[in-house]
Every structure is written in C-alpha cells, then in structure tokens.
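What follows is a single structure, written as structure tokens, with notes after it.
Just so you know, all these numbers are worked out from the coordinates, no wet-lab data involved. Everything numeric in this text was worked out from a predicted model, so none of it was measured. Cβ coordinates were reconstructed from backbone atoms using ideal geometry, including for glycine residues, and neighbour counts include every protein chain displayed.
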Amino acid sequence: MKFHGWCNAEGVRIALAQLNQTVGDLDGNLVRLESAYARAAQAGADVVVYPELAVTGYPPEDLVLKPGFVKDNQAVLERFAAMTGDTSAVVGFVDESSGVLYNAAAVCHRGRVIHKYRKNRLPNYGPFDENRYFESGGIEDATVEIAGVSCGVTICEDIWDANGPVRQQAIAGAVVNLNINASPYHKGKWREREAMLVERAKDAKCAIVYVNQVGGQDELVFDGSSTVIDREGNVVTRGLQHAEDFLVVDFDPDTGIITADSDSSTRDRLDPIAEVYHALVLGTRDYVRKNGFTDVVIGLSGGIDSSLVAAVAVDALGAEHVHGVSMPSRYSSDGSKNDAYQLAESLGIDCQTISIEPAFAAFKDSLAPAFTGRSEDLTEENLQSRCRGMILMAMSNKFNWMVLTTGNKSEMAVGYFTIYGDSAGGYAVIKDVLKVQVYALSRYVNERVGREIIPESVLTKAPSAELRPDQRDDQSLPAYEVLDPILELYVEQDMTASQIVARGHDEALVRRIARLVDLSEYKRRQCAPGVRITTKAFGKDRRLPITNAYRG
C-alpha cells in the first residue's frame, strides 16, 4: 500500500474520471481516456475509474451489431492498456467471445488487461435495450486486488439489485466496489441513485465508488453526479452535475475511512428547476456540437416557448452562435413582434424579420382553384406555420445552422402543432417539458441573472399561436393548469382514461384529451429528437402503436 500526500492512513487512492464521451468517436474517446489517466497518475492515484462503455460511448446501440466496430473498440482498449503504468484503470468497453457480446469493464495495469468483468444485470426498460445486444456475464473472478486492496468491479444496473453482484462480491472479500455507469438523467434522478447507493453500501458493508458518464447523446442526457459512499452509508463526495469532473479520494480498508478534498465533499445539489434547466443546456450543446454544427436558428414568435428555447441555446452555445428570425403574418400582434426583439436584445443575439405574407398569399392563390366553394379553416392556419418552417429550413441550408424547434410536451402530447411546420427542425429542446414547467423555467432564466431576460409581458400574456384573429390556446385546449396534470397521468404514469376519471377528473375532458394524445402519435413519430427530462419522454421511453383502437 502507498502513502499519498494528504491521506492520513495507508490505503488506496482512487480517481474518478467523470467524462463526456461521444458515441462512435473511438479515437477521440481514447484521447480523453489518456488525458484523464495522465491526470490520475500525476495525482498519485492507484486506480482511475471511468464510466460505462467509455471506449465506445453510451449507448452505442446497433453500432455493436457491426463486427468491425466491435473489433475497432477492442483495438482501442488494447492501445489504452498498453500505455498504462503503475496506476490501474477500470474502463468500459464492448467485449466479444465466440460471437457473443458483453458490456464489460477491463482493469488495465502496466501495459495489459489484468482482469475483466462482464455486466450481470442487463436493463431492458425505458431507454435501455441491452438484451438486444449483450449477454449477461457471470460473477466469477468476483474481485481484483488493486494496491493490496480487494476491490469489486460492477457495471451500472448491477448495483441496483440488493442481492446482486455488489453483495456477492462483498461476501467474496471486496471492501470497496468500483461501479462504472452510464445512468441517464431525469428529474430528481440523483436523489434516487444516492438513496439506493447508501442502502447498498450499508447492506454490503462495502464502500462504493460510483462513476457516472456526463453529456448529451441524442435524446438522453447523462448528469454525472458521481458519488463516493463509505461502508456506513455516509456520502463522502459528489461529482458535479451536468459537467465533466475529476475527483480523488483516499480509502483506508482497515478503518473504512474515505478522505476527499473539501471542495468536492461540500458541493450542494442544484434545485429541481435549476437541474432541469442545466440538463436542457447540456443536451442542446452536445447534440448541436457533436453533430458538427456551431450555430442554431430559432423562430422567435414573441411567445414563451421560443423565448425559453433561445435562452437555453445562448447558455449552451453562446449568443454569437444563436440566430433569431421573426416571421410575422397578418395576425401577428405588435406586442409579439416587440417581445421577440426585446428578447433578442436581452440575450445579445441577432434577429431579423422575414414576413410570411408573400409566401402565404402565394400559397392561397395557388390553392384557390382547388378550394373553390370552401371557407377558410385550419388549413390556412397550418399553411402559415408551414411557411415559417420553410423559411427556417432555408436559413439552415444556406448558413449551415441547425433549426431548434420550440414545441413543449403539452402541445406535443395533444397534437397542438403543425407537422412540417413549427415541428420542422433538427432538435426539439423543450419536447419533454410540460407547459406549466415552461413558465417556471422561464422565470428561473430571469432570476438566475437578476434581470429581465424573458420579458414580463411574455410571462403574463395569454398563450396564442396567432394564426387567426384574436386566437388563444385556451380556445382549443383547457387551461394548461388543468391539462398538464391529466397528461402527467395519461402519458407519464400510463394510466387509462377510466383510471384518471376515477381520480376525480371530468370524464368528458379526460376522454377528449386521451383521444387527442392517441390521434397525434403519427405526428410525434415524425418530429425531431429532444432532451429527455422525465421517465416517460416521447421517443425512446414511450412506444405506443400508431394504429391503436384501445380506449381504456
């Protein structure tokens, strides 16, 4: 065992590398692994622990069905192992044996892989499809000795089972468990994790080093929040939320004492609204940048949804990389146009006006012969939205700007959006945010900087699509304070309409909303991906059939 600087007892020094890897970027991921390894070695760490599948990025999905990809990932692991010295490393990769794939962890030391562990519990719910790709590993060779200390190595889901590998490895002699993770974010997830980790450590009488991935991957956001728990269930230190981090702790296996630097051990957690906002920022930043874009364009209507999306985009990318377009029609109010420009000025982004009137008039003229004898209706309203969609996509094509769409979850749920219109774009920032929470997040934008970014008039005026004279959302939908609780039950908790009615909600209203949600499934399937902040987001989580005659 070694004595290291500020450690008061002999033991093992453990570095936690909370990294933001990119799926499929094997060479880039290797560079980040090597950089963190050098930092760990410089800190005198006996072992550095990385996130789950850190070689490939998580989740690699059907990339692992390509034999060439699996072979390349193994070659990167070998390159990484070859450069290791006295500091051991626990790194996630895709292992292959006789054509069978495993989600695995390699322990590398002095130029070679000295130990492998294959994930035992494979999640197959929500956004997870691990049974599609991997076989479950056993827990033979349950422990590995690092710096004279018996360590267990586990992967993500393994630790959620009270009678799973952590307990069994502790029985086999492990005094600390090195658990590597790619655990995606949803509201309040860190609290659930931490409560579970405390119980697991106490039950197994084993310290836990929990290292989580951070960053955005398509719809998923990984929040980091790596955590170290001693064998008594005390939280010793926490990693940053929604940001890369590097932690070092010293563990004395005789006393069970774990020592961390004071900065990391006293970190506060973000409040519920702040953590959601930072998740939106991180997810947007990584989706845009990892897909090769630098700039985004947003249709600024002067409404609250586009205002919030613009604020998120500025925090994610910087004001110089965010471009607003005001696209008024004959129905746009002066207040909305002014609010759009006031927002742009407060955010420091450029904004230009491109009227949709010429395009809208041209479409109406072209369609007039076909529509003879029919009065104007929803068709003409949708035409306006589609004019705006075409303008934004033209700006995207011309300047290589990604279009950020502005629809919220309440609208997405009931189909209150125009397919090929305001839904057209590359990323849907607030796709998983109910309208009531849009207001809370918008107020947070102003509160966190202590000034009015989103105009007060935007926060207080009645929501409107402004596609016909004096239009308001509440003419087509119930008030969002009424709508959102029903959507939470129907969409996020999978209740039937009958069950929701039994809770005291108006039956006619519930069945109308449920019918709107069901009928809009085909529209949602054609929408851009967006940041997941709940356990039941439209996309990977909620997979209902489009053709569906069930009315519960």
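Computed over Cα pairs, the Kirkwood radius of the stretch 1-138 leads via Stokes-Einstein (1.002 mPa s, 20 °C) to a diffusion coefficient of 138 µm² per second.
Which trypsin sites (Lys or Arg not before Pro) in the stretch 210-268 pass both tests, a DSSP loop state and at most 16 other beta-carbon atoms within 10 Å?
Details: sites: Arg231, Arg238, Arg267; in loops: Arg231, Arg267.
Hits after loop and neighbour filter: Arg267.
Taking every DSSP beta bridge that has both ends in the stretch 1-100, the antiparallel portion is near 25%.
The trypsin sites (Lys or Arg not before Pro) found in the stretch 287-388 that occupy coil by DSSP, while having at most 11 further C-beta atoms within 10 Å, are Arg374.
Compute the signed sum of charges (Lys and Arg +1, Asp and Glu -1) over the other residues within less than 12 Å, Cβ to Cβ, of Val198. List each step's numbers first, then the result.
Values: positive: Arg191, Arg193, Arg200, Lys202, Arg231; negative: Glu192, Glu194, Glu199, Asp203, Asp230, Glu232.
That works out to -1.
Restricting the count to DSSP beta bridges whose residues both fall in the chain, what percent are antiparallel, rounded to a multiple of 5?
Values: 42 of 73 bridges.
Antiparallel bridges: around 60 percent, rounded to the nearest 5.
Pull up the DSSP beta bridges for the stretch 12-264 and report the antiparallel fraction as a percent, rounded to 5. The antiparallel fraction comes to roughly 70 percent.
When Rg and Dmax of the Cα atoms in Å is computed from the coordinates, the matching label among (i) 30.7, 99; (ii) 26.0, 89; (iii) 24.4, 79 is (ii). Residue ranges 188-199, 163-174 sort as 163-174, 188-199 when ordered by packing (mean number of other C-beta atoms within 10 Å per residue, highest first).
With q set to 0.17 Å⁻¹, the log10 of I(q)/I(0) for the stretch 314-409, from the Debye formula over equal scatterers at the Cα positions, is -0.87. Label separation (Ala440 vs Thr294): 3.8 nm, computed from points 7 Å beyond Cα along the C-beta direction.
Taking the Cα centre of the chain as origin and assigning +1 to Lys and Arg Cβ atoms and -1 to Asp and Glu Cβ atoms, the resulting dipole is close to 800 debye.
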